[in-house]
Amino acid sequence: MSETIAVNSNGKHPNYIEYQGKHKGLAGWLLTTDHKRIGILYLIAITAFFLTGVTFGFLMRLELISPGRTIMDAQTYNSFFTLHGVIMIFLFVVPGIPSIFGNFFLPILIGAKDVFFPKLNLLSWYLYIFGGILAIISILLPGGPADTGWTFYIPYSVRTGTNVDLALFAAFVLGFSSILTGLNFITTVHRLRAPGMTWFKMPLSIWAFYSTAWVQVLATPIIGITVFMVAIERIFKVGLFDPALGGDPVLYQHLFWIYSHPAVYIMILPAMGIISEIIPVFARRTIFGYKFIAMSSIAIALFGSLVWGHHMFTAGMADASQFVFSLLTMVVAIPSAIKVFNWTATLYKGSILLETPMLFALAFIFLFTIGGLTGVMQGVLSVDIMVQDTSFIVAHFHYVMFGGTGFGLMAAMHYWFPKMFGKMYNKKVSKIAFWLIFIGFNITYFPMFIMGWLGMPRRYYDYLPEFHIYHLISTIGSWILVSGILLMVGNLIKALLSDKKFSEKNPWGGETLEWTIDTPPIHENFLEIPTVHAAPYEYKQNETTVLTNQEVK
Ligand code: HEM
Ligand SMILES: [Cu+2]
């Protein structure tokens with residue numbers, strides 16, 4: 001890390017976008033080791049994959065608008081939900097918030113100039129891109145895209161002739177990108193905190209990124225080994241999982257969910273950290289129960305690794321194990337509930353500023369609570385056996401992964417956009433987009449709870465007439481949702497391309513370190529490493545800052 005602070009010809013310190021280091025122009029981005037630029041590289045790639053995933057979701061909904069064939073055949077539908085799931089999980093929600101905002105802001109939030117392993121950080125992005133390309137190639141090559149669902153269940157995934165191998169290889173490579181990011185964040189938090197920033201003086205988003213990083217490093221190798229074993233089974237027919245070869249398909253499910261359930265916490269914990277940053281700023285209140293929220297992140301990461309069996313209540317598990325996994329599933333809900341309670345307590349008697357980041361944060365709390373409570377319902381054996389593999393499950397995970405992580409990511413984007421780019425988006429349009437997304441979301445997914453409860457199976461291309469009305473409403477909902485997403489993306493890109501600069505250091509009146517530095521930040525983040533005195537629970541959210549904000553319309 002260069003100690004000298006760069007100065008350009010007019011004596012000013014260049015921001016990280018203007019900064020010209022060893023490599024100039026495009027090479028200055030593709031060979032960068034600056035955590036901020038790597039965060040932007042992830043933002044571009046992840047946005048592209050998100051919109052690809054949305055396209056598959058949109059087309060699936062269109063197909064389901066009426067019973068029977070509408071726009072595609074059953075085989076294509078199977079490939080679409082597989083691609084949709086694989087892209088949304090491995091290329092959007094798992095990397096999303098840590099790779100974009102963790103990379104850009106974690107070092108700044110702890111008062112550091114970069115992550116501990118900058119070169120490794122760039123490698124993690126190239127592994128992400130390589131994994132993404134493999135997923136896209138699996139669509140184009142003969143054999144066609146995988147049609148197994150994102151869970152690659154045995155025995156079908158070792159028998160189908162579609163490009164499962166490529167999809168598995170993509171997941172394998174993407175896993176390494178996630179592990180390297182986790183490794184970097186753990187080391188950075190341990191080694192690069194500014195003087196005075198003791199553990200309980202860290203912003204809550206850092207506790208969330210830190211807990212997530214441990215799950216990334218400890219759980220991800222398991223999915224790596226598992227998909228590798230499926231590939232071995234497909235090529236060498238050794239009888240690991242395939243019952244026809246003496247293998248055990250339920251063993252595969254255990255290995256798959258031993259990663260994939262903790263993986264839901266890799267998805268949701270960073271979003272929870274974002275919410276813990278945004279709520280106190282726009283409620284003008286000091287966060288309620290800082291230490292409980294910090295420790296609940298660690299508790300979620302720990303207990304989240306013990307509940308994977310709740311995905312297998314219908315896989316023929318012993319009663320005793322079902323009881324244990326059902327009980328543990330209830331237990332893991334407690335630390336999440338502590339966060340929801342403390343966010344709500346922070347809002348109590350606050351002077352709420354309904355700026356766009358706050359709208360997305362409040363929607364997160366509402367949608368995540370619905371997603372979380374239906375998760376607890378599914379932890380009850382009798383309920384789960386009834387709703388397993390129905391649309392109820394599809395609704396549940398869209399409420400937690402999209403309503404949770406997705407809304408958390410959109411909240412972070414609108415909160416930190418001005419600081420990242422030195423531009424401000426049109427607030428009116430951003431609020432219209434928010435309401436289209438929020439209303440469209442609930443119209444798309446809530447009917448899925450109802451029809452799932454009534455027995456509509458997931459992953460079915462066709463359905464009985466009694467489910468038609470719910471599918472019709474859900475599809476119309478997806479049109480509203482997608483138009484909101486496109487309006488939001490369009491509004492942000494328009495702001496990016498506009499010449500109007502925005503240089504206010506602290507537009508929202510935040511108290512964490514990123515609001516003390518230039519907008520956008522200089523290459524080295526800080527002219528001088530700061531010394532930290534106050535902990536987030538000692539922040540005195542002052543009223544005055546609100547006023548200036550009004551002037552930024
Ligand atoms: C406009 C946005 C979206 C739409 C319209 C949409 C629609 C759908 C539909 C209709 C299915 C069910 C397919 C079936 O079981 O027959 C589905 C499955 C799924 N969706 Fe989404 N979705 C969207 C966004 C997302 C997001 C943001 C995520 C992740 C965070 C996500 C993750 C998944 C996953 C993992 C599956 C399961 C795929 C499988 O069965 O293998 N979706 N989606
Ligand atoms: Cu689970």
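The values are calculated or read from the model by the stated rules, or taken from the named source; none is laboratory data. What you see is a predicted model; the values in this text were computed from it and never measured. Because the Cβ atoms are built from the backbone with ideal geometry, glycine has one as well, and the counts that use them run over all protein chains shown. Only protein heavy atoms, including side chains, enter the accessible area calculation; ligands, DNA and RNA are left aside. Shrake-Rupley method; radii C 1.70, N 1.55, O 1.52, S 1.80 Å.
As an exercise: evaluate VAL324 against (1) within 16 Å of ligand 1 (Cβ to nearest atom); (2) open to solvent by 30 Å² or more (accessible area, probe 1.4 Å); (3) of a type in the set (A, V, I, L, M, F, W, C) and give the number of the one condition it does not meet.
All conditions are met except number (1).
Need pairs with beta-carbon distance below 6 Å; first residue crowded, with 17+ Cβ neighbours inside 10 Å and within the stretch 516-537, second among the aromatic types (Phe, Trp, Tyr) and part of a loop (DSSP other than H, G, I, E, B); sequence gap 6+ or separate chains.
Final answer for the pair search is PRO521/TYR16; HIS523/TYR16; HIS523/TYR19.
Mind listing just one residue for me: the one in the stretch 259-292 that is in a helix (DSSP H, G or I) and over 19 Å from the mean Cα position of the chain (by Cα) and, of those, farthest from ligand 1 (Cβ to nearest atom)?
Taking the stretch 259-292 as the starting set, the residues that turn out to be in a helix (DSSP H, G or I) are 259-283, 290-292.
Add one more test, that the residue is over 19 Å from the mean Cα position of the chain (by Cα), and what stays is 280-283, 290-292.
Details: PRO280: 26, VAL281: 26, PHE282: 24, ALA283: 27, TYR290: 29, LYS291: 30, PHE292: 27 Å.
Residue satisfying both the conditions and the ranking: LYS291.
Scan the stretch 19-33 and give yes if some residue there is closer than 30 Å to SER260 by Cβ, in contact with a Leu (Cβ under 9 Å, 6 or more places away or on another chain) and open to solvent by less than 20 Å² (accessible area, probe 1.4 Å), otherwise no.
Going residue by residue through the stretch 19-33, those that are closer than 30 Å to SER260 by Cβ are none.
No, because not a single residue in the stretch 19-33 is closer than 30 Å to SER260 by Cβ, in contact with a Leu (Cβ under 9 Å, 6 or more places away or on another chain) and open to solvent by less than 20 Å² (accessible area, probe 1.4 Å).
Given the conditions (1) over 24 Å from HIS414 (Cβ atoms); (2) away from ligand 2 (no atom under 16 Å from the Cβ); (3) surrounded by fewer than 16 Cβ atoms within 10 Å (Cβ to Cβ), which single one is not true for ASP389?
(2)
Determine which member of the set LEU353, LEU302, LEU367 is at pLDDT 95 or above, among the aliphatic types (A, V, I, L, M) and either assigned to a loop (DSSP other than H, G, I, E, B) or within 14 Å of ligand 2 (Cβ to nearest atom) (or both).
Details: LEU302 fails: either assigned to a loop (DSSP other than H, G, I, E, B) or within 14 Å of ligand 2 (Cβ to nearest atom) (or both); LEU367 fails: either assigned to a loop (DSSP other than H, G, I, E, B) or within 14 Å of ligand 2 (Cβ to nearest atom) (or both).
That would be LEU353, the only listed residue that is at pLDDT 95 or above, among the aliphatic types (A, V, I, L, M) and either assigned to a loop (DSSP other than H, G, I, E, B) or within 14 Å of ligand 2 (Cβ to nearest atom) (or both).
Mind checking which residues of the stretch 303-329 are within 23 Å of the chain's Cα centre (by Cα) and over 17 Å from THR151 (Cβ atoms)?
Of everything in the stretch 303-329, those that are within 23 Å of the chain's Cα centre (by Cα) and over 17 Å from THR151 (Cβ atoms) turn out to be PHE303, GLY304, SER305, LEU306, THR329.
Step by step: first the residues of the stretch 327-344, then only those that are within 16 Å of PHE303 (Cα to Cα) and surrounded by fewer than 21 Cβ atoms within 10 Å (Cβ to Cβ), then the one that is farthest from ligand 2 (Cβ to nearest atom). Which residue is that?
So, considering only residues that are within 16 Å of PHE303 (Cα to Cα) and surrounded by fewer than 21 Cβ atoms within 10 Å (Cβ to Cβ), the one farthest from ligand 2 (Cβ to nearest atom) is ILE338.
If a residue must be among the small types (Gly, Ala, Ser) and within 16 Å of ligand 2 (Cβ to nearest atom), how many such residues does the stretch 74-128 contain? First the steps, then the outcome.
To start, the set of residues in the stretch 74-128 that are among the small types (Gly, Ala, Ser) comprises 74, 79, 85, 96, 99, 102, 111-112, 124.
Still in the running and within 16 Å of ligand 2 (Cβ to nearest atom): 85.
Adding up the residues that qualify gives 1.
Which of the numbered conditions does PHE313 fail, given that it passes all the others? Conditions: (1) outside any helix (DSSP H, G or I); (2) open to solvent by less than 10 Å² (accessible area, probe 1.4 Å); (3) of a type outside the set (A, V, I, L, M); (4) over 19 Å from THR374 (Cα atoms).
(4)
Every residue in the stretch 187-209 that is open to solvent by less than 60 Å² (accessible area, probe 1.4 Å), part of a helix (DSSP H, G or I) and over 24 Å from ALA411 (Cα atoms), please. Steps first, answer last, please.
Taking the stretch 187-209 and keeping what is open to solvent by less than 60 Å² (accessible area, probe 1.4 Å), we get 187-189, 192-194, 196-197, 201-209.
Imposing the further condition that a residue be part of a helix (DSSP H, G or I) reduces the set to 187-189, 201, 204-209.
THR187, THR188 - these are the residues of the stretch 187-209 that are open to solvent by less than 60 Å² (accessible area, probe 1.4 Å), part of a helix (DSSP H, G or I) and over 24 Å from ALA411 (Cα atoms).
Touching a residue at least 40 places away in the same chain (Cβ under 8 Å), over 15 Å from the mean Cα position of the chain (by Cα) and open to solvent by 10 Å² or more (accessible area, probe 1.4 Å): which single residue out of LEU106, LEU123 fits that description? Talk me through it step by step, then tell me what you get.
On the way: LEU106 fails: open to solvent by 10 Å² or more (accessible area, probe 1.4 Å).
When all the criteria are applied, what remains is LEU123.
Could you tell me whether the stretch 142-150 includes any residue that is away from ligand 2 (no atom under 16 Å from the Cβ), surrounded by fewer than 24 Cβ atoms within 10 Å (Cβ to Cβ) and assigned to a helix (DSSP H, G or I)?
no
Quick one: in the stretch 327-350, which of the residues that are of a type in the set (Ser, Thr, Tyr) and assigned to a helix (DSSP H, G or I) is farthest from ligand 1 (Cβ to nearest atom)? Talk me through it step by step, then tell me what you get.
Step one: of the stretch 327-350, the residues of a type in the set (Ser, Thr, Tyr) are 329, 336, 344, 346, 348.
Still in the list and also assigned to a helix (DSSP H, G or I): 329, 336, 344, 346.
Numbers: THR329: 19, SER336: 17, THR344: 24, THR346: 26 Å.
Per the stated criteria, the residue is THR346.
Do we have any residue at all in the stretch 176-184 that's open to solvent by less than 20 Å² (accessible area, probe 1.4 Å), under 16 Å from TYR77 (Cα atoms) and in contact (Cβ under 8 Å) with a residue 40 or more places away in the chain?
Step one: filter the stretch 176-184 for residues open to solvent by less than 20 Å² (accessible area, probe 1.4 Å), giving 177-178, 181-182, 184.
Among the residues that remain, those that are also under 16 Å from TYR77 (Cα atoms) are: none.
So far as the stretch 176-184 goes, no, none of its residues is open to solvent by less than 20 Å² (accessible area, probe 1.4 Å), under 16 Å from TYR77 (Cα atoms) and in contact (Cβ under 8 Å) with a residue 40 or more places away in the chain.
Check whether at least one residue in the stretch 270-289 is within 16 Å of ligand 2 (Cβ to nearest atom) and over 12 Å from SER211 (Cβ atoms), and report yes or no.
The first filter runs over the stretch 270-289 and keeps only residues within 16 Å of ligand 2 (Cβ to nearest atom), leaving none.
No: zero hits.
Here is a yes/no grid of residues against (1) within 30 Å of ILE334 (Cα to Cα); (2) more than 16 Å from ligand 2 (Cβ to nearest atom); (3) hydroxyl-bearing (Ser, Thr, Tyr):
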site: GLN216; (1), (2), (3): yes, yes, no
site: MET229; (1), (2), (3): no, yes, no
site: ILE235; (1), (2), (3): no, yes, no
site: LEU240; (1), (2), (3): no, yes, no
site: GLN253; (1), (2), (3): yes, no, no
site: TYR259; (1), (2), (3): yes, no, yes
